[in-house]
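Asks: This is the structure I have questions about; it appears just below.
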Amino acid sequence: MALPLAILVGRWLMMAGGVSPLDAGLTAEPVAETINRLGLWALRALWLALAITPLRRLTGWAWLAPWRRPLGLWAFAYGCIHLLVYFVLDQGAAFDLLWADVVKHRFILLGMATWLMLLPLALTSTRASIRRLGGRRWQALHRLVYPAGGAAAIHFILRVKGFQIEPWIYAGLLLTLLGMRMVPRRRIKV
Amino acid sequence: MLIRNPNPHHPTEAEATAEGHYWNRRAIVAGMVGVGLLPSSVLSAGEEPALARLVAKRTRDAGEPATSYENVKHYNNFYEFGFGKEDPSRNAGRLRTHPWTVKVDGLVAKPGVVDIDRLTRLFPLEERVYRHRCVEAWSMVIPWTGFPLAALLKMVEPLSNARYVAFETLHDPSQMPGQRTRSLQWPYVEGLRMDEAMHPLTFMALGLYGRVLPNQNGAPLRLVVPWKYGFKSIKSIVRIRLVDRQPPTSWNLTAPDEYGFFANVNPAVDHPRWTQSRERRIGDWLPRRTLPFNGYADDVAGLYRGMNLVRNF
């Protein structure tokens, strides 16, 4: 999960070294391209995190379990950098402009909502937090990941121009992953 | 007699890189690709045959530096060749721009079919440096070569009941693979009101940067309406029709609440996705303010006097 970020950082270092954005592989509009790539990886990491539990149920592979938390945290990390680059280089680090954008554009609002929903989950991702909150309350809080995924999927759909298939594929995958949770648990042994 | 007006973008013989240096540079670039420092696309880009020159006199300047030729060629919205900004530069090679004809018909006294080679010689060519503002809030400055649309329209003698001009892009999925998807209704269509079409700023481009248009920029003939969002400036035109009613336009058909018929650059009217009061000039790091009518208000604001530009977006 660190690899796409490392590649992006490498490309920015090339640009810092005088290579044109086009030759650095970030198109003629490197800011937009960077924001898009970060968002896409945030989405992918979140989808993978959401895939762990249904995959475990389906296959009984217990070794998948420890991957869930790091994938969730990677999703949040990519989301944070995605938001930060947008805020600094697209909104000129001005909170009034950011607020105006959030109020005006539904897709920005949904992106912000996604980040705000993931924030408490990242903050309570430690074992100590589970102990402090108690397993049941911690689990209830972490169900926020479902609406967060939904908001992220719609954020992507609303973002693209015209009818493009890619965001709908992600939305379909999310529905599948959430739908698999509806299947009554039978085989899972915790 | 052919009078050559030296174009400031054209390097003189003395400025050209000596061949030895050129090959040397290529060897270095190839080596970098070999060890994975550069993507292989930089090599193929270097192998493109140079496009034919167009001799023209510069008649309008933008007063700002032009966006680099490489950026103009590699950052395009041309859904006939894919959604990605670099897809058109990769996929437009399949487009055959010769032979090419443009049908001009509808409410005109002298309809006809004009061959692209004839069209290139029909009117004195001009070079105009225009700002180009995309509805997605990015912009460029581009030196176009071509002629005013008014010259072509006058030639075919519009009838008095002609009130709009409808434009149509080539429809051929074998050359334009994007037309196999249903991202838009094909062919791409656009339109202008007669007074907009006859306005001296409205331009038919055959080239940019002193050479014929690269395919991905709308070869061999495209419209350029600098005070409107880029999607109005329809590419690879095969038909121009004069009509009495407002013609359908592609993006308006797809999302009528997002893309209006007029689509004048207007910082006061936001798109559901993009804040239109700012734009990023390609090559800049931070956004800049967007000007009403993309900075051409002095030329064109009069066309819309008394119109509600919020409703007629």
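Asks: Ordered by residue, what ³J(HN,Hα) values in Hz, to whole numbers, does the stretch B:272-289 give under the Karplus form 6.51 cos²θ - 1.76 cosθ + 1.60, where θ = phi - 60° and Gly and Pro are x?
Replies: Using θ = phi - 60°, the values come out as x, 9, 10, 6, 8, 6, 10, 8, 10, 6, 4, x, 8, 8, 10, x, 10, 6 Hz.
Asks: Once you list every other residue whose beta carbon is under 15 Å from the beta carbon of A:A75, what net charge do they have if Lys and Arg are +1 and Asp and Glu are -1?
Replies: Summing Lys and Arg as +1 and Asp and Glu as -1 gives +4.
Asks: Which FRET efficiency value, to the nearest 0.05, is calculated for B:V243 and B:M198 with the Förster distance at 22 angstrom and r the Cβ-Cβ distance?
Replies: Efficiency, rounded to the nearest 0.05: 0.90.
Asks: Quote the charge dipole size of the protein assembly as shown about the Cα centre in Debye, to the nearest 20; the model charges only the Cβ of Lys and Arg (+1) and of Asp and Glu (-1).
Replies: 2600 debye
Asks: Could you run the Karplus curve 6.51 cos²θ - 1.76 cosθ + 1.60 with θ = phi - 60° over the stretch B:213-227 and give me ³J(HN,Hα) per residue in whole Hz, x for Gly and Pro?
Replies: 4, x, 3, 5, 9, x, 4, x, 8, 9, 8, 9, 10, x, 8
Asks: Counting only residues 5 or more places away or on other chains, whose amide H sits under 5 Å from the amide H of B:G191 once H atoms are built in the peptide plane?
Replies: B:F167
Asks: What nm value, rounded to one decimal, do you get for the distance between A:A62 and B:K110 when each label is placed 7 Å out toward the C-beta?
Replies: Label at A:A62, label at B:K110, 8.8 nm between them.
Asks: Over all directions, the average projected area of the alpha-carbon convex hull for the stretch A:2-182 comes to how many nm²?
Replies: Answer in nm², one decimal: 12.4.
Asks: Can you give me the Kirkwood hydrodynamic radius for the protein assembly as shown, using every pair of distinct Cα atoms, in Å to one decimal?
Replies: Here the Kirkwood hydrodynamic radius works out to 25.4 Å.
Asks: Less than 9 Å Cβ to Cβ from B:V129, Lys/Arg counted +1 and Asp/Glu -1: what total charge do the surrounding residues give?
Replies: +1
Asks: Lys and Arg at +1, Asp and Glu at -1: add these up for the other residues within a Cβ distance under 12 Å of B:K235 and post the number.
Replies: Surrounding charge for B:K235 is -1.
Asks: Identify, among B:T169, B:T97, B:G210, the residue whose Cα sits farthest towards the positive end of the charge dipole of the protein assembly as shown, taking +1 on the Cβ of Lys and Arg and -1 on the Cβ of Asp and Glu, with the dipole about the Cα centre.
Replies: B:T169
Asks: Further, regarding this structure: So what are the ³J(HN,Hα) numbers for the stretch A:86-91, from phi and the Karplus equation (6.51, -1.76, 1.60; θ = phi - 60°), rounded to whole Hz, Gly and Pro as x?
Replies: In residue order, the calculated couplings are 4, 5, 7, 8, 9, 9 Hz.
Asks: Which helices, counted as full DSSP H runs in chain A, have an axial Cα extent of no less than 18 Å and a Kyte-Doolittle average of 1.0 or above?
Replies: A:2-16, A:106-123, A:145-159
Asks: How high is the FRET efficiency from A:R181 to A:A2, r the C-beta distance, R0 35 Å, rounded to 0.05?
Replies: 0.80
Asks: Mind checking which lysines have their C-alpha under 18 Å from A:K104, skipping anything on the same chain fewer than 8 residues away?
Replies: A:K161
Asks: Helix-derived [θ] at 222 nm for chain A: sum -39500 (n - 2.57) over DSSP H runs of at least 4, divide by residue count, nearest 500?
Replies: -24000 deg cm²/dmol
Asks: Show which lysines lie in cross-link reach of B:K103 when reach means a straight Cα distance below 17 angstrom and same-chain residues fewer than eight apart are skipped.
Replies: Within the straight-line cut-off, B:K103 pairs with B:K154, B:K235.
Asks: Which residue fluctuates the most in chain A, going by a Gaussian network model with Cα springs under 10 Å, if the choices are A:R132, A:R69, A:R57?
Replies: Comparing A:R132, A:R69, A:R57 in a Gaussian network model of chain A, the most mobile one is A:R132.
Asks: Starting at 0 and stepping by 5 Å, how many percent of the alpha carbon pairs of the stretch B:193-242 end up in each bin?
Replies: 5, 20, 30, 27, 14, 5, 0
Read-outs throughout are calculated quantities, based only on the coordinates presented, and are distinct from any laboratory measurement. Here the structure is a predicted model, which is why all the values come from computation and not from measurement. When we count neighbours, we look across all protein chains shown, and the Cβ atoms used for this are built from the backbone with ideal geometry, even at glycine.
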